[in-house]
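*Asks:* Below is the structure I would like to discuss, written out as structure tokens.
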Amino acid sequence: MSADPRLKTAKRRRLREAVARLGLPCHKCGLAIDYSGPWELDEIVARVHGGDPEDPANVAAAHVRCNRSAGGRLGNARRWGPRPQPVTSRTW
């Protein structure tokens, strides 16, 4: 990771934009997300468990409420339906 926080913020913003363009549902509950409103970029493997928050393969969209209720616990992804597709370098 970069020492310059501005570079980290720019990369995170590009990652959020790429995820929003995909228009995927919440990876926690499976319901549609209104990307014009509040939503969060969630790490599949939480930072506290060694996940990289800037890795496109480790992020997915989530409702604010879904993401906040899960915290940093492991095993909090939804248990039905297809897994979210990782954001690839081609999408951002």
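The values are calculated or read from the model by the stated rules, or taken from the named source; none is laboratory data. Because the structure is a prediction, the values reported are computed rather than measured. Accessible surface is based on the protein model in full, side chains and every heavy atom, while ligands, DNA and RNA are left aside. Shrake-Rupley method; radii C 1.70, N 1.55, O 1.52, S 1.80 Å.
*Asks:* Per residue, how many Å² of accessible area does segment 10-49 show with a 1.4 Å probe?
*Replies:* On a per-residue basis, segment 10-49 sits at 57 Å².
*Asks:* Here is a follow-up. Using only protein heavy atoms and a 1.4 Å probe, report how much of Val45 is accessible, in Å² to the nearest 10.
*Replies:* 60
*Asks:* So what J values fall out for segment 22-38 if you push phi through Karplus, 6.51 cos²θ - 1.76 cosθ + 1.60 with θ = phi - 60°, rounded to Hz, Gly and Pro as x?
*Replies:* In residue order, the calculated couplings are 5, x, 6, x, 4, 6, 8, 10, x, 8, 5, 10, 8, 6, 7, x, x Hz.
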